[in-house]
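Shown next, in structure tokens, is the structure this report addresses.
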Amino acid sequence: MLKEFKEFIMTGNVLDFAVAVIMAGALGLVINGFVGDIIMPIVGHFASGLDFATMAIELDPAVMAADGVTVVKEANAIRYGKWINTIINLIIVGFVMFMMIKGYNKTKEPEKEAAPAGPTAEELLTEIRDALKK
């Protein structure tokens, strides 16, 4: 059983998949950093300094301690701004992935057209037979 497991793990498909998952995680961090730290501040700037992440509809207010500074219970709110950030993130990530795939496809050589199929052996033998009959 251990030998079979080793053979399974060492196949190319499993190793390729493992590398792809690790690279996807790293690429996800890079793209999320790009979106969160570069793109979203620009979007907020053009939206009159609006920070989408703070947009929410408060259902229940936060409960504060007697000192007025310490929060005992967080506010219950619908944080639709975070959802807007997620949608913008999705659009930007989709666009980045589209551009990456488009660039990758340009690096590949175009597929060569297959040579036209010649006559089959049966067709050649039929032609030879017909020629010999004449």
(message) Under a crude label model (7 Å from the Cα following the beta-carbon direction), how far is V43 from A131 in nanometres?
(response) 7.2 nm
(message) Below 8 Å, C-alpha to C-alpha, sequence gap of six or more: please give me the relative contact order for the chain in percent.
(response) 16 percent
(request) Answer with a single label: of (i) 22.2; (ii) 17.2; (iii) 14.8, which was calculated as Kirkwood radius over Cα pairs in Å from the structure in view? (result) (i)
(request) Give me the percent of the accessible area of the chain that comes from carbon and sulfur atoms, probe 1.4 Å, all protein chains in place. (result) 67 percent
(request) Mind giving me the FRET efficiency for Y104 and M55? R0 is 30 Å, r the Cβ-Cβ distance, nearest 0.05 is fine. (result) 0.20
(message) Could you give the length gained by full extension between V21 and V96, i.e. 0.36 nm per residue of separation minus their alpha carbon distance, to one decimal place?
(response) 25.2 nm
(request) Report the FRET efficiency, 1/(1 + (r/R0)^6), for L29 and E113, where r is their Cβ-Cβ distance and R0 is 35 Å, rounded to 0.05. (result) 0.25
(request) Can you pull the one-decimal nm distance between simple spin-label points at A77 and L124, each 7 Å off the Cα toward Cβ? (result) 8.0 nm
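The values are calculated or read from the model by the stated rules, or taken from the named source; none is laboratory data. Quick caveat, the model's predicted, so the values are computed rather than measured. FYI the Cβ positions are ideal-geometry reconstructions off the backbone, even for glycines, and counts take in every protein chain you see. Accessible surface areas use protein heavy atoms only, side chains included; no ligands, DNA or RNA. Shrake-Rupley method; radii C 1.70, N 1.55, O 1.52, S 1.80 Å.
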